[in-house]
Amino acid sequence: MLRTNIFTAWIYRLQHTDLSSKHTAVIAELRILLIDENRQRAESLTSALNNSRYKISHLASPNISLLKQVDEIQPDIIVIDIESPSRDILESVSTLSNYNPKPVVMFSADQNTDTINQYIESGVSAYVVGDIQSERVKPILDAAVARFKAFQKLKVELSDTKQQLVSRNLIDQAKRLLMKKKNLSEDNAFKAMRKTAMDTGQKLEDVAKTLISLLNTI
Amino acid sequence: MIEPEQTDLTLGFIPLTDSAPLIVAKEMGFFSQWGLDVKLQKQNSWATLRDKLHAGLLDATQMLAPMPLASSLGLGCAKVQVITPLVLSLNGNAITLSEKLHQEILLENNLAHITLPLAAYLLQNVIEVRKKQNRPKLRFASVFPYSCHYYQLRDWLTSAEISEDDLDIVVVPPVNMVAFLQSGEVDGCCVGGPWNAKAVRAGIGLTALTSFDIWQDSPEKVLGILASFQLANPNTVIALTAALKQACIWLESIPNRFEAARLLSSDQYLDAAIDVIAPSLIGSCLTHISMPPRAIPSYNQFSKSSHGSINVPEYIRGEWLLSQMSNAGQLKNIEVPADLVSQAFRPDIYQQMRLKLEDQAVQFFRRSG
């Protein structure tokens, strides 16, 4: 397995993000929920982001109130220490509930984390190694947000495409049944279905479903 | 004997009673008998443990039984082929309710006391009354989205036709569970030992039933390894599996179980008192501060059950877990390869390990005449 240095990967992406962000006219404020028991690191991150579009809410010991806080703050990004037990609570926020998934950026002091690799590829989380250097923080967050948005868009597109495939199969199946059982030409079968859909205000896919169950029981 | 390709290993574990096989294998010298120098690294969350395994920061790790399947499917993480050659334990979880919910159940059902194991339908009145009074829904916790805890909690609630629309289920890490119950952030939870017993001893919870009351003898924790690691280090994996199997056999004896509780209680491992670790290991389920414990002989199983050895990662076990994931709606829009279970559950490696163990036993008897 190929192991890439995280920073190399990030810097590579940043160049691309910077190019595209030049065209972004309005920059909205983004809320960050920072979960880190290391106060010093939290302070340095907060000061690094002064006068930027990022606004930080910091939780030092979030165990009791994390869910409430996520609910109240509705953060755009969650930044968390990789060793925090609360990491699993975040898994529930994105997996078990319908709460919108958030990009999660993780900080880790562990030098070994150099070897953490494919997580940036998963598009869900990003890891940042070592201490935070202020000039790097903003671009990292920018890139995380951009990547996350792109990843979410891809996911939605994929599920749309799958849905389209399913409905096309249904329509084809209904059309073939109509042709066979009602002795219609392909064109006429399709027209009949489309007319039914328009007359009854249903989706073509739903008409197909009804037809299939009807024609199969006859 | 066998020559491991890699002898220095880092293993991850979460502070739980059923991490006993890893801790026993280390402390009783089973790893070193197989030529392995193992470091045990305590992890704070399942997600981080998984990510570290995926990234190669951990060579192998204790895992929740559904996790190798979730990793192989890329559920909640990047898709990485994780295998398991060994089931480490069965059962071991329990559902504990906060004292407040305990009292609410008594009140809304006009009961003087609770009968255990608690039937989930007793929650129905509580849910109804809360709805009528516009009070918040009950909130239960499990330890991870892809965990038996979550599926067991769902099964118990479903037995009373209570759905996830009637209450909320969230994830809370095991080490934080007692604090969440105490603060009222959650009203009940499904968690492994020693955290149920700890809540009972502290007088803040009622252990309503154990996972053995819901599912009998299903895999709970497994040994997780990257498929790529096994390909590169087949002998290391056999040695590792053999040492852990020996620890599981060692844990069969009740006198040894108490010794295990002593080992586990140290701060580098569970950092908890013996009086909350030992009970489940010796088949006792603490229930409530003012009620006697229940005898649950199979509360923690590490090696044998009435059906023989529990450690074989049989396909049928994997298929069962997969069906639970599917019932919970976690496989929606996910393509599940037909060979998913046989790629992740590896009884073939277990059988190779068993032959090595038998060889070793034969040689031992020859030497000792």
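Each value in this text was obtained by applying a stated rule to the coordinates, not by laboratory testing. Here the structure is a predicted model, which is why all the values come from computation and not from measurement. Backbone-built Cβ (ideal geometry, glycine too); neighbour counts: all protein chains shown.
Take every Cα pair under 8 Å in chain B that's 6+ residues apart, average their separations, divide by the length, and report that relative contact order as a whole percent.
Reported relative contact order: 26 percent.
Would you mind telling me which residue in B:ARG317, B:ARG257, B:ARG135 has the biggest mean-square fluctuation in a Gaussian network model of chain B, where springs connect alpha carbons within a distance under 10 angstrom?
B:ARG135
Over the Cα atoms of the range B:1-75, what radius of gyration and what Dmax do you get, in Å?
13.0, 38
Across all directions of projection, what mean area in square nanometres is found for the Cα convex hull of the range B:240-349?
10.1
What three numbers, in Å, describe the spread of the alpha carbons of chain B along their principal axes, ordered from the longest?
Principal axes ranked by extent give 70, 48, 34 Å for the Cα atoms.
Apply the Debye scattering formula to the range A:158-217, with a single equal point scatterer on each alpha-carbon and no solvent, then give log10 I(q)/I(0) at q = 0.17 Å⁻¹.
Normalising to I(0) and taking log10 leaves -0.52.
Which peptide among A:176-186, B:95-105 comes first, and what is the full order, when sorted by highest mean count of other Cβ atoms within 10 Å?
Top of the packing list down: B:95-105, A:176-186.
Can you give me the orientation-averaged projected area of the convex hull built on the Cα atoms of the range B:154-290, in nm²?
Mean projected area of the Cα convex hull: 11.0 nm².
Å³ per residue of the Cα convex hull, for the range B:93-214?
Each residue corresponds to 92 Å³ of Cα convex hull volume.
With springs only between Cα atoms under 10 Å apart, run a GNM on chain B and tell me which of B:PRO194, B:PRO66, B:PRO292 wobbles the most.
B:PRO292
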